[in-house]
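Participant: My questions all concern the structure below.
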Amino acid sequence: MDSLVALGTGAAWFYSMLVVVFPEWFPAAARHVYFEASAMIIGLISLGHYIETKAKSTTTQSLQALINLQPQQAILVTEQGEQVITLAHIQQGMMLRIKPGEKVPVDGVVIEGDSYIDEAMLTGEPIPAHKIPGNTVSAGTINQDGSLLIKATGIGSQTMLARIIQMVRQAQSSKPAIAKLADQISAVFVPIVVVIACIAAAIWFWFGPDPKASYMLVVATTVLIIACPCALGLATPLSVTVGIGKAAEMGILIRDANVLQLASNIDTVVFDKTGTLTQGKPSVQHVVSFEDDESALLSLAFGLEQYSEHPLAKAICEYARQYNGTAANIAQFENQRGKGVQASYQGDTVHLGSLSYMQELAIDLSVAQSTIQYFADQAWTPVAIARHHQLIGMIAIADPIKASAAKAVKALQQMGIHTVMLTGDQYSVAESIAKQLGIDQVIAQVLPEQKAQHIEQLQHQGRHVAMVGDGINDAPALAQANIGIAMGSGSDVAIESAQMTLLNSSPLAVVNAIDLSKATLRNMQQNLFGAFIYNTLGIPIAAGILYPAFGFLLSPVVAGAAMALSSITVVTNANRLRFSKVRYHD
């Protein structure tokens, strides 16, 4: 395409210079200069390239955001005491102290202490993991409340975070560049136009009227000008720019212009679960009392959990506050880390915690078997409450499904798109949620570094995959997929790794994005077809095919006007995208 631009503008400028310097060489009707045509052609093509370049953005920031997760220093524990060392000096087998609020510098095994580790930035899961001696910790995660002594097992490029960084880099570099339709057309169009211009010039030179050289130059210049593909050059970037602007209005930020063309071919959408299909925040779903009324049970639970830092405890307290509950007065509070809590209430011992904690205390759960089964069917986490070693109630906590998730899945299926849920959760929980949403395929119990592999497997099956996620663990998968779509509420790394970001974090925005992409591709094809037709129909006339029968020879001025008109048509058609309607609302 650039070759034809150079030939067309060069011919127009060279012709104009000859007219200025040697006007007597040309017939009176052909004494026109086309300097402004050269300037306009180059200006329009440059504008198209600028728009296209501006629409793209670099992906190096995603890697930098990942690298920034690792702290630069760590506390080394030796027989001589504790000392601060840099990350580069950490070696395998070293003992490191992780204080509350600090990031874990390397992968390791807990040797001493227990604490809750916030792994949300790595796994996407909202509930911190309880770590005790023997458990592993990963670089970049955050220690919440306890002090840990860990033994370094993975340093430098051996850490999970480093492996994820490497996978993101590989996925980004292996992504094939999308050939523009305009370039594909021009690959055939340009050589043909040059050959036609040469043949027409030769015919006019050998068989044309006098002055032969003047007619030959006029015909060759006219052919090159009318065929100059400024409309072809504008067709794709203009549609893309309007499409990107319209997407922004719909709450969809697009980082890569190629996405609008890619998304129209998507036949498989893979959803991460937490924060994408679910809200990413634990909340109380149901309260069951086996003795007192629910308000009394909730008051007791509030009293017990108000002293706990566990995320599930916070969910119970928040639920109680919403219903204006008051916390029961308890005494002798004890936190049974990883199990539950124990306290004294009105002279009785009360316990609150997991089912395994209740079984450990030999508390009879038979009265709650149907309730436990119901909670399991709903993929809810049960919290049991016992008083004087008698089960008195249960509270169900879960990460609720987004209201628009089921609607989004159904809309995608109506578009003929296969839906997949990819999650690190237990298969039973994932299957239950997938059943509620009507998702076609479930891939569960997936480690963070395996997500990209599952995307690659789907691609090997011939599928065009869009990955929707929000956690750091989703970053390699987002980069590996044909299109990465990040939730605006997700981690910075996920957003940086994706070509699309959904500002309102609604799964329905995925449907709207694909819908808009299809409309944009149709608009691109219309623009390319229109530009191509203008040039194709104009070339024979410019070559002088009508001269023998009608004595009509197209002037370069008219050729320039036709070329400009094709550009105006492209711009007008591209702007029709601005009137696209959002089909799916929450």
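The values are calculated or read from the model by the stated rules, or taken from the named source; none is laboratory data. From a predicted model like this one, the values you see are computed outputs, not experimental measurements. When we count neighbours, we look across all protein chains shown, and the Cβ atoms used for this are built from the backbone with ideal geometry, even at glycine. All accessible areas refer to the heavy atoms of the entire protein, side chains included, with ligands and DNA or RNA removed. Shrake-Rupley method; radii C 1.70, N 1.55, O 1.52, S 1.80 Å.
Participant: Given points 7 Å out from each Cα along the Cα-Cβ axis, report the residue 333 to residue 68 separation in nanometres with one decimal.
Facilitator: 3.6
Participant: Tell me whether region 380-486 comes out rounded, prolate or oblate; compute the Cα gyration tensor, take square roots of the eigenvalues as a ≥ b ≥ c, and use a/c under 1.5 as the rounded threshold.
Facilitator: Prolate is the answer for region 380-486, as a/c is 1.5 or above and a/b outweighs b/c.
Participant: Given the pairs 410/435; 151/273; 273/451, which are separated by over 21 angstrom at their Cα positions?
Facilitator: 151/273
Participant: What part of the accessible area of region 202-331, given as a whole %, is carbon or sulfur when the probe is 1.4 angstrom?
Facilitator: Working: 2560 of 4880 Å².
About 52 percent, which is the carbon plus sulfur part of the accessible surface.
Participant: One-quarter of the Cα convex hull surface for region 236-389, in nm²? Each step should come with its number before you reach the end.
Facilitator: Values: hull surface 53.3 nm².
Projected over every direction and averaged, the Cα hull of region 236-389 covers 13.3 nm².
Participant: Also: Set the Förster distance to 51 Å, then compute FRET efficiency between residue 504 and residue 199 from the Cβ-Cβ distance, nearest 0.05.
Facilitator: Given R0 = 51 Å and the Cβ-Cβ separation, E is 0.30.
Participant: Would you mind getting me the FRET efficiency between residue 187 and residue 157? Use the beta-carbon distance for r and R0 = 56 Å, nearest 0.05. Numbers along the way, then the final one.
Facilitator: Details: r = 42 Å, r/R0 = 0.75.
Efficiency, rounded to the nearest 0.05: 0.85.
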